[in-house]
């Protein structure tokens, strides 16, 4: 017997499944295009797939690097830039070989990588925060029991 999910929990679960699907499809397409652009040898496939793998791994480290020192996060940025550049041109090459226009070939890597980046951000673990404590309204203390302090409205 399975427990019923609340609408909020169901929406969160479905959003996570959608994000994983988009990320997985983008990663597979990027890796496939990079391998297809490589020389048709085992070494060529490894070398060809390496930029896509480094881009994925480096983005993961950058997004989840809150525990890393700041210098490591800055050192990841050039790796991301180089891997993205190499991966971009591999995808452009494959799309041009498929017979698409130059404009489509240059836009195609963006429709792979941008949804992957959005999905990756959606999959990032939420930081636990403490709920904000509500302040009770200030109650003015008066000494109302003293007959001298009681004022009668007239």
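The values are calculated or read from the model by the stated rules, or taken from the named source; none is laboratory data. Everything quoted here is computed from the prediction, not taken from an experiment. So basically every Cβ, Gly included, is an ideal-geometry build from the backbone, and we count neighbours across all protein chains shown.
Only one of (1) within 15 Å of the chain's Cα centre (by Cα); (2) farther than 21 Å from residue 91 by Cβ; (3) at pLDDT below 85 is not met by residue 55, so which one is it?
(2)
Could you identify the single residue in 96, 61 that is part of a helix (DSSP H, G or I) and over 19 Å from the mean Cα position of the chain (by Cα)?
96 is the lone residue from the list that is part of a helix (DSSP H, G or I) and over 19 Å from the mean Cα position of the chain (by Cα).
Quick one: would you say residue 54 is crowded, with 19+ Cβ neighbours inside 10 Å and farther than 14 Å from residue 37 by Cα?
no
Got a sec? Which of 79, 91 is touching a helix residue (DSSP H, G or I) at 6+ places or on another chain (Cβ under 6 Å) and buried (at least 19 other Cβ atoms within 10 Å of the Cβ)?
After ruling out the rest, the residue left standing is 91.
Would you mind stating whether residue 3 is modelled with pLDDT of 80 or more, more than 21 Å from residue 124 (Cβ to Cβ) and in a loop (DSSP other than H, G, I, E, B)?
Spelling it out, it is not the case that residue 3 is modelled with pLDDT of 80 or more, more than 21 Å from residue 124 (Cβ to Cβ) and in a loop (DSSP other than H, G, I, E, B).
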